[in-house]
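Structure first, then comments.
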Amino acid sequence: MCMQEKIWSNSGDSHFLEPEGLWNEILPPAMAERMPRSEKVGDDEEIVHVDGQSFRRRLPKLMTKRDEKTGMTIGELVMRPPGARDMQERLKDLDHEGIWAEVVYASLGLWENMIRDRSLVRAAARAENEWKVEQLQGVAPDRLVPAASVPLLDVGDAVSEVVAAAEMGLHLVSLPTGVPEGADDWNRDSWEPLWAAAEETGMVLGFHIGSDGGDGPTVYSGPGGAVLNYVETTYGGQRVATKLVTSGALDRHPGLKVLVSEGGASWVPFLGDRMNEGYRQHGMFVRPVLSALPKEILYRQVYASFQHDESAPAALWAMGYRNVMWGSDYPHLEGTYGHSQKTLHELFDGIDAEASRRIRIGAFRELFPHVSDPPEGA
Ligand code: MN
């Protein structure tokens, strides 16, 4: 590829890898040992242990091979980014890749919602959030937007932590697409105090796909299993967006903003159409009645990040969905590390400048107006 002009983008989907020994550093030993940890098995599997539960999962292969039939490259990503754990190195990686500001989710920490001990999740969330303010956001407050952890086994605990995280200076909370076992589903009114607290404090709700809880990410085996499982992870984000719209949660809280990360973006127009059809055709059964059509509420308050999806940008200009946002998924192997510039050029070269800027920069700035602008040329 000839080296073209650098193209900058914000990322609605990035992660930090928990440093070795993080839990021991921020929690008492009896709590630390119950937090999520990964045990490597052979070259390509890991067992994730979470407070007495565990599940096994395949790790993406760190190799490149070419498929003889199609000529396509499989496993394009061969490197673990140097800045996966080291924040100073991370900024160098980001500058090199052309990523300016980014939402930073946990990695192993995404499994915390499997923990069933109320006092443990409460203590862990507080300790993690204090750590994130200092060790993540503090490194580059105008670029790194870490997602706060929220204890979800009691709605009062969740509200307290959202308020505390906002007071600490965080801008986003990380919520799982699937509620913890035994908890009310996201469409239930019992979560109302959480939505009210997030709206009042201006905290964005970040739902990263693949966080449905349960037995871990493997649902299918047999033919097609790898892709089936990959696709399966996206549905949770679509379900939670549908629940928050149809239950009236977003309607009651028009200032509340939702980001669905890593799940693509062209599903939003499709779901909007389906919800409108259901709302109209099954109108006699619909409750609550909303103040606007579901699609309007979905388009207004839900943002969606994608990394490679070639159809995603067109959701903006072809289907009128303005909240399409790019995301790198740095430093995960599903993401664009090592080829972000190539991906960004493939997605955005030759498209309308205003639409491109909206997807790369503008939608993100709407959620997080405190971040700075990328260098010239964006
Ligand atoms: Mn991700």
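About its Cα centre, the dipole of the chain is roughly 660 debye, where the only charges are +1 on Lys and Arg Cβ and -1 on Asp and Glu Cβ. Close Lys pairs in the chain, defined as Cα atoms under 24 Å apart and 8 or more places apart or on different chains, number 14.
Here the gap between VAL227 and SER119, fully extended at 0.36 nm per residue and compared with their Cα-Cα distance, gives a gain of 35.1 nm.
Let a ≥ b ≥ c be the square roots of the eigenvalues of the Cα gyration tensor of the range 111-193; is it rounded (a/c under 1.5), or, if not, prolate (a/b larger than b/c) or oblate? Verdict is prolate for the range 111-193. Simple rule: put +1 on each Lys or Arg Cβ and -1 on each Asp or Glu Cβ in the chain, find the dipole, and look at GLY182, TYR330, ILE99; the Cα lying farthest toward the positive end is GLY182. Are there any helices in the chain, counted as whole DSSP H runs, that stretch 27 Å or more along their axis by Cα and score at least 0.0 on average by Kyte-Doolittle, and if so which? Span-like helices here: 225-246. What's log10 of I(q)/I(0) for the chain at q = 0.06 Å⁻¹, Debye sum over Cα points only, no solvent? With one equal scatterer per Cα and no solvent, log10 I(q)/I(0) is -0.22. Working note: 222 nm ellipticity from helices only, DSSP H runs with n ≥ 4, each -39,500 (n - 2.57), summed and divided by the residues of the chain, gives -10000 deg cm²/dmol to the nearest 500. Heavy-atom accessible surface of the range 9-367, averaged per residue, reaches 44 Å², computed with a 1.4 Å probe. For the range 272-371, the fraction of alpha-carbon pairs lying more than 25 Å apart is 33 percent, rounded to a whole number.
Here the accessible area is traced with a 1.4 Å probe on the protein chains. For the chain, carbon and sulfur cover 51 percent of it.
DSSP bridge analysis restricted to the chain gives an antiparallel fraction near 35%, rounded to the nearest 5. Positive end of the dipole of the range 188-314 (Cβ unit charges, origin at the Cα centre): among VAL260, ALA314, GLY278, the Cα lying farthest that way belongs to GLY278.
Near LEU259, the amide H atoms lying under 5 Å from its own belong to LEU205, GLY206, PHE207, TYR303; only residues 5 or more places off or on other chains count, and H is placed 1.01 Å from N.
Packing, as the average of other Cβ atoms within 10 Å across residues, places the peptides 31-40, 137-146 in the order 137-146, 31-40, highest first.
The values are calculated or read from the model by the stated rules, or taken from the named source; none is laboratory data. Nothing here was measured: the structure is a model prediction, and the numbers come from that model. Reconstructed Cβ throughout: ideal geometry from the backbone, glycine too, with neighbour counts over all protein chains shown. The protein model used for the area step is the full one, side chains on, heavy atoms only, and it has no ligands, DNA or RNA in it. Shrake-Rupley method; radii C 1.70, N 1.55, O 1.52, S 1.80 Å.
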